[in-house]
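Down below is the structure, laid out as structure tokens.
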Amino acid sequence: MPAFSFESQAGQLIKVGLALSSTRVLGDLLEMVLLEARKLTGADAGSVYLVDGSVLRFETSQNGTLSERLGEDACRALFKTYELPLNAESIAGYVAVSKEMVNIADVYDIDPSAPYRFNPASDRANDYSTHSMLSLPMMDQKDEVVGVLQLINATRETPEGKRVVPFDSMCLPVVGALASQAAVAIVNAKLTMALQKSWLDSVLRLGLAAEYRDKETANHITRVSEYALLLGRNLGMDKNGLELLHWGAAMHDTGKLGIPDSILHKPGLLTPEERATMEYHTLIGALILKGDSNPILMASQSVALTHHERWDGNGYPRGLSGEAIPLFGRITALVDVFDALSSRRVYKPAFSMEKVVQILGEERGRHFDPTLVDILLDNLDEADAIRTTHADTEADFEKFRNYSLLKIEDVL
Ligand SMILES: [Fe+2]
Ligand SMILES: [Fe+2]
């Protein structure tokens with residue numbers, strides 16, 4: 001590591017600032033802040049804590065030595081999230097409450113008059129030696145502490161190899177500026193996430209409203225989404241694809257909002273005309289979810305339109321077959337029926353798993369994509385765990401049988 005130079009780091013800081021302000025995913029943002037802070041200071045390791053109400057939550061950690069020794073993934077797995085009280089007893093806590101930067105040459109030799117102590121538990125557990133530590137408050141525009149950036153073991157190359165040294169006071173203004181930029185970016189990312197969450201919540205309620213009309217419980221939506229994720233994970237989908245699948249599957253029957261009660265709630269068989277009307281729920285759903293460039297709504301629209309297509313081409317509304325049916329639609333078609341068969345409904349008991357497996361086997365390559373059936377059958381234990389975790393209770397059904405049982409306490 002060359003000697004620290006403010007000029008050489010200032011340009012880098014501007015670039016980092018731009019990157020930070022354009023990152024809206026909090027996890028990615030924190031990783032970037034930590035990595036850049038380590039580069040600026042030559043730190044071997046570091047952690048980020050965020051203030052959450054009355055606690056300081058450990059969010060992420062990076063450690064060059066342990067990553068080299070164990071590999072990136074194993075190193076990441078060492079650090080589980082935990083909370084610290086927001087008080088001066090820990091170093092990070094002290095920095096958060098005092099709003100002061102703390103630069104310690106050796107955490108095993110802290111001045112006894114200092115209010116904080118170093119907790120060596122993590123060092124012992126991971127066979128690591130922390131010595132120098134630089135902890136900075138990350139403060140937003142209102143001068144409130146958003147979190148703490150903690151950098152560990154500044155290293156310098158020497159003729160004898162790498163050596164841990166105290167953090168150079170020359171680097172403090174630059175890393176302080178990075179911490180301030182990070183704080184603003186964190187506040188923005190949190191706002192974006194809160195907005196996204198409330199938007200998704202509204203979208204999901206549309207799906208729930210449709211299922212409620214059809215006397216399906218909220219658990220049906222949860223189970224269908226979870227089964228879909230189980231298949232998606234086994235297909236090797238990435239995080240983004242899984243998120244779209246999760247939301248898309250949840251919205252499959254949105255179009256039932258437009259089907260008349262006389263058909264939706266008719267006991268017994270539907271006439272051919274009534275069946276044709278019922279089938280319109282795919283088109284109605286696609287219409288409700290149409291016209292947005294948002295990827296989640298686009299995925300939801302695709303699922304609403306295609307979840308009653310069949311692998312053999314005998315489904316509706318378009319009679320698509322095989323891989324011409326979008327993957328999310330094929331997945332949802334299978335897991336929606338799997339859920340209908342394997343869980344209890346207002347009008348029928350749950351089928352035994354043997355019976356469900358038999359039906360899926362018969363419909364493999366007819367109603368359903370054979371590859372997806374195989375994946376589901378290979379992971380039946382996990383699917384069954386989802387079924388029992390999100391099973392409907394008697395009270396869930398009773399609300400549909402008798403609305404007068406719905407109490408004001410249930411809705412407040
Ligand atoms: Fe449907
Ligand atoms: Fe459904």
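I'd like the Karplus ³J(HN,Hα) series for region 48-65: coefficients 6.51, -1.76, 1.60, θ = phi - 60°, whole numbers in Hz, and an x wherever there's a Gly or Pro.
Per-residue couplings from phi come out as 10, 10, 10, 6, 9, x, 9, 10, 10, 9, 5, 10, 7, 9, 10, 8, x, 5 Hz.
What length, rounded to one decimal in nm, is gained on full extension from residue 408 through to residue 31, with 0.36 nm per residue of separation minus their alpha-carbon distance?
Working: separation 377, 0.36 × 377 = 135.72 nm, distance 4.52 nm.
Full-extension gain reported as 131.2 nm.
Considering only 122, 293, 113, give the residue with the highest GNM mean-square fluctuation for the chain, with springs between Cα atoms whenever their separation is below 10 Å.
In this elastic network of the chain, the residue with the biggest mean-square fluctuation among 122, 293, 113 is 113.
Going Cα to Cα from residue 80, which lysines come in below 27 Å? Please leave out same-chain ones fewer than 8 positions away.
Filter leaves 39, 99, 190, 197, 239.
Quick test of the membrane-span-like rule: which DSSP H helices of the chain reach at least 18 Å along their long axis (C-alpha atoms) with mean Kyte hydropathy at least -1.0?
6-21, 26-41, 172-213, 218-234, 327-342
Of 103, 248, 115, which is farthest on the positive side of the dipole of the chain, counting Cα position, with +1 on Lys and Arg Cβ, -1 on Asp and Glu Cβ, and the Cα centre as origin?
Checked the options; the winner is 248.
Cross-link candidates for residue 15: which aspartates and glutamates have Cα within less than 15 Å, leaving aside residues fewer than 8 places away along the same chain?
Partners found: 7, 36.
Using the Cα centre of the chain as the reference point, and only Cβ charges (+1 on K/R, -1 on D/E), how large is the resulting charge dipole? Debye, rounded to the nearest 20.
With only Lys, Arg, Asp and Glu charged at Cβ, the dipole is about 640 debye.
Can you give the alpha-carbon Rg of region 85-131 over 2.2 N^0.38 Å, where N counts its residues?
1.17
What is the extension gain from residue 195 to residue 74, computed as 0.36 nm multiplied by their sequence separation minus the C-alpha to C-alpha distance, in nm to one decimal? If you can, show how the numbers build up before the last one.
On the way: separation 121, 0.36 × 121 = 43.56 nm, distance 3.35 nm.
Here the segment from residue 195 to residue 74 would lengthen by 40.2 nm.
Could you list 247, 311 so that the one with the fewest beta carbons within 10 Å of its beta carbon is first and the one with the most is last?
Ranking 247, 311 by Cβ neighbours within 10 Å, fewest first, gives 247, 311.
Please tell me the relative contact order of the chain in percent, rounded to the nearest whole number, where contacts are Cα pairs under 8 Å and at least six residues apart.
Answer for the chain is 11 percent.
Of 130, 49, 152, which is farthest towards the positive pole of the chain's charge dipole, taken about the Cα centre with +1 and -1 on the beta-carbons of Lys, Arg and Asp, Glu respectively?
Toward the positive end, the furthest listed residue is 49.
Between residue 57 and residue 378, what length comes free when the chain is fully extended (0.36 nm per residue of separation minus the Cα-Cα distance, one decimal in nm)?
Answer, rounded to one decimal: 111.7 nm.
Please get the size of the charge dipole for region 6-189, origin at its Cα centre, with Cβ charges of +1 on Lys and Arg and -1 on Asp and Glu, quoted in debye to the nearest 20.
The calculated dipole for region 6-189 is roughly 200 debye.
Bear in mind these aren't lab numbers, they're just calculated from the coordinates by the rules spelled out. No experiment lies behind these values; they were computed from the predicted model shown. Positions of Cβ are backbone-derived with ideal geometry, glycine not excepted, and every protein chain shown enters the neighbour counts.
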